[in-house]
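Visitor: Sharing a structure with you now.
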Amino acid sequence: MPGASKPIRELADVPLHVRLLKTYLQLLHSRPVLTKAITSGILSALGNLLSQHIEQRRKSKSSAKNVDLVAFLRFASYGLFFTGPLSHYFYLFLENVIPSSTPMAGLRRLLLERLIVAPAFLFLFFIVMNFLEGKDLNSLNKKLKDSYWSALKMNWKVWTPFQFINVNYIPVQFRVLFANMVAFFWYTYLSTTRK
């Protein structure tokens, strides 16, 4: 006769945050692109939610407006389908093109990311959001004319020190996560500038 089942005490004694971290690391190893995509989607959407909250408080402290679920989903979609996967492959590409053994690798990585990838990625953001909002090319041109340059300058100011740390000191498998943590606040800013 088989012995009675006994509860596994190991997992019950482990704090929730440790279990979540362990699960995240396992998923990051077994399904890196999907894990980074989902993480990016969640943090992008939360950044938009924070932006909505800030905008509501700025407009009127007494009125409580409902959450714009469509905007929330747009940002979630952008993070899920663009930020997460593209960032994953970009950081792998960066490691292969400019390995640590290359002279001045840190500066080269930073310059490539800041001068080529950041402007292109921001441009992609404006295009995708315009499409997801169902707007035409005239609307895109106006948004680009009104907001792109100021958003890019702010990107260079905000992101440059974080990207220097990211491309030089953060292990490659954690770079998207690190960028997502910064992007949480960045998407809050972008949500606000697009209004």
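The values are calculated or read from the model by the stated rules, or taken from the named source; none is laboratory data. Here the structure is a predicted model, which means the values were calculated and not measured. In this analysis, Cβ positions are derived from the backbone assuming ideal geometry, glycine residues included, and neighbour counts consider all displayed protein chains. Surface accessibility is based on the protein's heavy atoms, side chains included, excluding ligands, DNA and RNA. Shrake-Rupley method; radii C 1.70, N 1.55, O 1.52, S 1.80 Å.
Visitor: If a residue has to be in contact (Cβ under 8 Å) with a residue 12 or more places away in the chain and surrounded by fewer than 14 Cβ atoms within 10 Å (Cβ to Cβ) to count, how many in the stretch 90-117 make the cut?
Guide: Adding up the residues that qualify gives 1.
Visitor: Okay, moving on. Hey, can you tell me all the residues within the stretch 78-95 that are farther than 21 Å from ASN155 by Cβ and either at pLDDT below 95 or of a type in the set (Gly, Ala, Ser) (or both)?
Guide: Passing the criteria: only GLU95.
Visitor: Another question, if that's okay. Determine, yes or no, whether LEU34 is of a type outside the set (Gly, Ala, Ser) and open to solvent by less than 80 Å² (accessible area, probe 1.4 Å).
Guide: no
Visitor: Another question, then. Just to confirm my filter: which helices (runs of 4 or more DSSP H) fall fully inside the stretch 132-195 and include at least 2 residues that are at pLDDT 95 or above, within 25 Å of HIS88 (Cβ to Cβ) and open to solvent by 50 Å² or more (accessible area, probe 1.4 Å)?
Guide: Ranges flagged: 149-169.
Visitor: Something else about it: Within the stretch 70-94, track down each residue that is of a type in the set (A, V, I, L, M, F, W, C) and within 21 Å of PHE164 (Cβ to Cβ).
Guide: The answer is LEU86, PHE90, LEU92, PHE93, LEU94.
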